[in-house]
Amino acid sequence: MEDTQSAPRDGEAEQGLTAIVFPGMGPCNFADVGRYMVLDRYARRRLAAADEALGYSVLHRFRATDHEYSEATQIAFLINSVALADRAVDAMGLDPDLCVGPSFGQKAATAFVDSMPFGDVVRMTAELARCEEDFFAAEYSDVITQSFVRTSEERTKEILAEMEARGEWYEISGYLDHDFYFVSVRESSLDFFKSRIRDAGGYSMYSMRPPVHARAFSALRRKAEDEVFSRYDVAAPRIPVIADQNGTTVTDADAMRTMLLDTFDRPINWPDVVSALRRGGVTDLWFTGADNLFHRLDCTTKNFRVTAVTPKTALRPEK
């Protein structure tokens, strides 16, 4: 099985609680995961439920799209994350004590902890995709969220101070690690911003459009609440959820709804999540989904034993 294994710093013998993590959405296409969705029994079951909820074939639309964050792509990512969690629980013995869903992973987490039925989460995901598309067609259409790594906190602050001195708009959209950030900028500022990251010895990774997790998007939060969330009931989670914005523990319905809405205009803070999990006695993290980021971060691998359950590993012969 292709997983990442690491031991908590307190020692190999340490054994505490286990948390399941549904990763945020990265670039995803049919070529990478289509075979998994067709062949895996857990994915087929969730795919059939999603088709029933939406009234159309997710697989057909996913195959036809060329947009990394289209409605069909988002639903496919959700389906795969939940299906891989089904496999982890049913075939691999996972019985988590807590749940985390950074960024887009909140949607799969919501289904897993029974705060909403899976069919409702699928419909909500589709409606939110349309809601965001409408919003960013009219507002902040020139904003991109840039991820970059190997840039210290001090150097990042200096670069952002330069941006401010130049009158360039920016917002921090995510704190991923001690040297890893998401920052939202205007497209006209992107070349300058990336050049300053390069000058600081950093490395620009990928540019996300539509952008994410910025306080400037408070109008999107209100739009999503009025047009989408108002039509769905959110229940208390059956196991505690750690909010990805600040590491607080979510145990009731109101807090769960607030966390889901906070994703629009509050930055991710993964180090805060890591700290909360460690304080809570978690030693093992299981990542279920097509994740190329969170399970590989230094602050993750240095603090937990990590198991990554991915579409690729799911297709290997079962032992």
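The values are calculated or read from the model by the stated rules, or taken from the named source; none is laboratory data. None of the values given here were measured: they were computed from a predicted structure. So basically every Cβ, Gly included, is an ideal-geometry build from the backbone, and we count neighbours across all protein chains shown. Side chains included, ligands, DNA and RNA excluded: accessible areas come from the protein's heavy atoms. Shrake-Rupley method; radii C 1.70, N 1.55, O 1.52, S 1.80 Å.
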Check: Given a cut-off of 34 Å, what percent of all Cα-Cα pairs of the chain lie beyond it?
Finding: 20
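Any idea what the alpha-carbon Rg over 2.2 N^0.38 Å comes to for the stretch 195-319? It would help to have the intermediate numbers written out before the result.
Details: Rg = 17.5 Å, N = 125, 2.2 N^0.38 = 13.8 Å.
Ratio of Cα Rg to 2.2 N^0.38 Å: 1.27.
Dividing the convex hull volume of the Cα atoms of the stretch 68-190 by its residue count, what figure in Å³ per residue is obtained?
On the way: hull volume 17.0 nm³, N = 123.
Residue-normalised Cα hull volume stands at 138 Å³.
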Item checked: Gained length - residue 216 relative to residue 41, 0.36 nm times residue gap less alpha-carbon distance -> 58.8 nm
Next item on the list: Count the DSSP beta bridges whose two residues both fall in the chain, then state the antiparallel fraction as a percent rounded to the nearest 5.
Entry: 55
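Determine the gain in length on full extension of the stretch residue 187-residue 15; use 0.36 nm per residue of separation and subtract their C-alpha separation, reporting nm with one decimal. Intermediate values should be presented prior to the final figure.
Values: separation 172, 0.36 × 172 = 61.92 nm, distance 4.67 nm.
Additional length available on full extension: 57.2 nm.
Based on Cβ point charges of +1 for Lys and Arg and -1 for Asp and Glu, what charge dipole magnitude is obtained for the stretch 42-196 about its Cα centre, in debye rounded to the nearest 20? Display every interim value, and only then the final one.
On the way: 16 positive and 28 negative charges, 104 e Å.
That gives a dipole near 500 debye.
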Item checked: Residues listed by number, the stretch 251-277, amide nitrogen under 19 Å from residue 225 label point at 7 Å toward C-beta -> 251-268
Checklist line | Carbon and sulfur %, accessible surface of the stretch 30-72 computed with the full protein complex present, 1.4 Å | finding: 49
Notebook entry, point to check: If you look at just the Cα atoms of the stretch 17-127, how large are its Rg and its Dmax in Å?
Noted result: 13.1, 42
Note to self: Cut-off 16 Å, label point 7 angstrom out along Cα-to-Cβ of residue 150: give me the residues of the stretch 197-217 whose amide nitrogen falls inside.
What the structure shows: 197-206
Next item on the list: Give me the percent of DSSP beta bridges within the stretch 162-319 that run antiparallel, rounded to the nearest 5.
Entry: 55
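Ratio of the stretch 73-141's C-alpha Rg to 2.2 N^0.38 Å, to two decimals?
Compactness ratio reported: 1.27.
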Checklist line | Surface accessible to a 1.4 Å probe, per residue, for the residues of the stretch 104-187, Å² | finding: 40
Check: Can you give the translational diffusion coefficient of the stretch 259-318 in µm²/s, computed by Stokes-Einstein from the Kirkwood radius over Cα pairs at 20 °C and 1.002 mPa s?
Finding: 163
Checklist line | Net length gained if the chain between residue 251 and residue 207 were fully extended (0.36 nm per residue, minus Cα distance) | finding: 12.5 nm
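Which residues make up the longest stretch of the chain clear of GluC sites (Glu not before Pro) that lie in a DSSP loop with no more than 16 other Cβ atoms within 10 Å, not counting the sites?
Working: sites that count: 2, 12, 14, 68, 139, 168, 318.
Formally, the longest exposed-site-free interval is 169-317.
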